[in-house]
Amino acid sequence: MRLLLIEDDLRIARPTMRALSDVGHEVRLETDGVSGLAAAHTGSYDALLLDVMLPGLDGFEVTKRLREEGAQTPIVFLTARSALEDRVNGLDIGGDAYLVKPFELPELFAMLRAVVRRSEVARSARVDFGDGAGLLDARQRQVWWRGQPVGFTAREYALLETLVLSRGRWFTREELLSRVWGPDFGGAARVVDVYVSYVRRKLSAEVLLSSRGLGYRVP
């Protein structure tokens, strides 16, 4: 993989770069948010590894700007900020995963493989759902319903995309929580129900089926 690491603490950046390089990845390092954002604009990367507390622009601002510009590169936050509010915010604004420092390298490697794999599948996916009334374009992260574009928050979209790309499969709340909110999310599983209701309101109640003991699915 070709990776961009944006990290100002060289005590973390150097061993992380070394470990990633040792397993065959090509890594570029930037040490502040401004240069990191510029590097993201000028290079083609399989994933971004991004600290939150950066000089210049913080990691959340870098992510917001990239997502507003339409960038789809997977973003993994590597940060000491472990508060629930930070984790939720990071994922809501477009991050794909959130890893709290100190972390174990095998966990980082596995997380990278997972987010890049999901990204590769998503980029090739343009899927009909809802008996043809809905269309999800994962490359553009856009949803149409009855021919009209529908606006979703990043979390609402991630929930719908997970279900549409595995259409017909039941997902428990816990599975959706791990996939959409991340394995480190400490909130209640019932938040899934809340976001399902948001998606249903914007589309149709029949789009997301639910069953006690099974969870949710898109038929």
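The values are calculated or read from the model by the stated rules, or taken from the named source; none is laboratory data. Values in this document were obtained by computation on a predicted structure and should not be read as measured data. We place every Cβ from the backbone using ideal geometry, glycine too, and count neighbours over all the protein chains shown. Only protein heavy atoms, including side chains, enter the accessible area calculation; ligands, DNA and RNA are left aside. Shrake-Rupley method; radii C 1.70, N 1.55, O 1.52, S 1.80 Å.
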Scanning region 29-59 for residues that are surrounded by fewer than 24 Cβ atoms within 10 Å (Cβ to Cβ), of a type outside the set (A, V, I, L, M, F, W, C) and closer than 20 Å to MET1 by Cβ gives GLU30, HIS41, THR42, GLY43, SER44, TYR45, ASP46
Taking the stated definitions as given, is PRO102 assigned to a loop (DSSP other than H, G, I, E, B), in contact (Cβ under 8 Å) with a residue 12 or more places away in the chain and exposed (fewer than 13 other Cβ atoms within 10 Å of the Cβ)? no
Scope region 130-154; condition modelled with pLDDT of 90 or more, outside any strand (DSSP E or B) and surrounded by 15 or more Cβ atoms within 10 Å (Cβ to Cβ); matching residues: GLY130, ALA133, PHE152
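Quick one: is LEU112 surrounded by 12 or more Cβ atoms within 10 Å (Cβ to Cβ) and either over 13 Å from the mean Cα position of the chain (by Cα) or in contact (Cβ under 8 Å) with a residue 24 or more places away in the chain (or both)? Walk me through it before giving the result.
Details: surrounded by 12 or more Cβ atoms within 10 Å (Cβ to Cβ): yes; either over 13 Å from the mean Cα position of the chain (by Cα) or in contact (Cβ under 8 Å) with a residue 24 or more places away in the chain (or both): yes.
Here the answer is yes, as LEU112 does meet what is asked.
Quick grid of which residues meet (1) aliphatic (A, V, I, L, M); (2) more than 16 Å from ALA110 (Cα to Cα):
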site: ARG14; (1), (2): no, yes
site: MET17; (1), (2): yes, no
site: ASP22; (1), (2): no, no
site: HIS25; (1), (2): no, no
site: GLU30; (1), (2): no, yes
site: GLY33; (1), (2): no, yes
site: ALA39; (1), (2): yes, yes
site: SER44; (1), (2): no, yes
site: ALA47; (1), (2): yes, no
Consider GLY70 against the criteria (1) in a helix (DSSP H, G or I); (2) under 16 Å from the mean Cα position of the chain (by Cα); (3) of a type outside the set (Phe, Trp, Tyr): it satisfies all of them except one. Which criterion is unmet? (1)
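Checking the structure you have, find out if any residue of region 2-11 is of a type in the set (Lys, Arg) and outside any helix (DSSP H, G or I).
yes
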Can you spot a residue in region 73-82 that is open to solvent by 10 Å² or more (accessible area, probe 1.4 Å) and under 18 Å from LEU3 (Cα atoms)? yes
Within region 77-103, the count of residues that are over 11 Å from GLY182 (Cα atoms) and hydroxyl-bearing (Ser, Thr, Tyr) comes to 2
For residues that are surrounded by 12 or more Cβ atoms within 10 Å (Cβ to Cβ) and among the polar types (S, T, N, Q), tally how many sit in region 198-219. 2
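Looking at ALA71, ALA83, which one is under 26 Å from ARG139 (Cα atoms) and aliphatic (A, V, I, L, M)? Quick ask: steps written out before the conclusion?
On the way: ALA83 fails: under 26 Å from ARG139 (Cα atoms).
Only one candidate passes the filter, namely ALA71.
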Any chance you could count how many residues in region 155-184 are assigned to a loop (DSSP other than H, G, I, E, B), small (Gly, Ala, Ser) and either under 26 Å from SER82 (Cβ atoms) or open to solvent by less than 30 Å² (accessible area, probe 1.4 Å) (or both)? 1
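Identify all residues within region 185-219 that are aliphatic (A, V, I, L, M) and closer than 30 Å to SER82 by Cα; write none if there are none.
Just the residues of region 185-219 that are aliphatic (A, V, I, L, M), to begin with: 188-189, 191-192, 194, 196, 199, 203, 205, 207-209, 214, 218.
If the condition is that a residue be aliphatic (A, V, I, L, M) and closer than 30 Å to SER82 by Cα, then ALA188, ALA189, VAL191, VAL192, VAL194, VAL196, VAL199 are the ones that fit.
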